[in-house]
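Note sheet for the following structure.
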Amino acid sequence: MKKILFLLLLTSPFFVFAQNELKVNGSIGSYNIEIELTPNKGAGKLISGKYRYQGKTAYLDLEGKLYSKDLLYLKESYNGETTGHFYLEHEEGNWNGRWTNGKKAYEVTLMAVGGDLNDFELFGGEKVEEGTNNEIAGTYSSDIYFINDYFYTEENPAIEIGYNGGTVSISKLESDSIWVELNTTSGPTYHIAYFEQAVPKVADNTYEYDDFLWEDNDEKCHLKFTFDGNGILSVEQYSNNMACDFGMRAYAGGEYKKYTNESKDLEN
């Protein structure tokens, strides 16, 4: 019964660690391991802990972050020297992924066997400021983290925590237009979409830019900005990247959540 309750908590959308130690067992390749993790908010690390190979007494140190409810990174060290990295995704009650030291990599499977999940804090993203309102003006963000193994090969097991998303800053100019500064990153190769223009109003809470960014361009840059009145901005991109002067694989579209009433200068 305890194990079932623990797994239900592990898959909960809130996904929170308690102050108690979390015990996890599993394997790196063919080697069985035992892991102990604790929250460590005061020191600026969201997770700290240790692990050892089953049957051994020596521990290796761990510190890391939960980037989303199903994406966990842990850095391994021994005597202060980094010796490896865990990149793990939560799937059906288990944490699966890879361990690598940059020269070789092994498959990892872990399962929680003891502990509580009641006081965990996610890392990443812009924290919503107290008093943030539902007015259009302000700054919005979209933050998506993923395990980026785009360049991974057996000879070069390159893995990292990838990031997609960015920030949109909105300043209200007049009743019929807003000033938009958008800066996003897309794809495992990190192409940039940057846009800075006055955008006219076309309907209630809807603003649309459909114009040439420069004289000799063959296609108009076409972006639509819709505010739902509850702090969510939806951006739709209808034109190709070149028309908006974006990177080859960059894309501005997506959903952005307001986190501050301030309109920020994204270039500084």
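Per-structure values
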quantity	calculated
Set N240, N217: member being modelled with pLDDT under 95, out of contact with any helix residue (DSSP H, G or I) (no Cβ under 9 Å at 6 or more places or on another chain) and surrounded by 12 or more Cβ atoms within 10 Å (Cβ to Cβ)	N240
Selected residue (criterion: nearest to S177 (Cα to Cα)) from residues of the stretch 199-214 that are surrounded by 15 or more Cβ atoms within 10 Å (Cβ to Cβ) and of a type in the set (S, T, Y)	Y207
All positions within the stretch 52-74 that are out of contact with any Lys or Arg (no Cβ under 7 Å at 6 or more places or on another chain) and closer than 15 Å to I33 by Cα	R52, Y53, Q54, G55, K56, T57, L74
Residue check for V113: under 30 Å from Y51 (Cα atoms), modelled with pLDDT under 95 and not in a loop (DSSP other than H, G, I, E, B)	yes
Positions within the stretch 213-230 being in contact with a Cys (Cβ under 7 Å, 6 or more places away or on another chain) and over 30 Å from N133 (Cβ atoms), in sequence order	L213
Where Y87 falls short, out of the listed (1) part of a strand (DSSP E or B); (2) out of contact with any Lys or Arg (no Cβ under 8 Å at 6 or more places or on another chain); (3) not acidic (D, E)	(2)
Answer from N101, N94 - the residue that is farther than 30 Å from R249 by Cα and touching a strand residue (DSSP E or B) at 6+ places or on another chain (Cβ under 8 Å)	N94
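The values are calculated or read from the model by the stated rules, or taken from the named source; none is laboratory data. Quick caveat, the model's predicted, so the values are computed rather than measured. Positions of Cβ are backbone-derived with ideal geometry, glycine not excepted, and every protein chain shown enters the neighbour counts.
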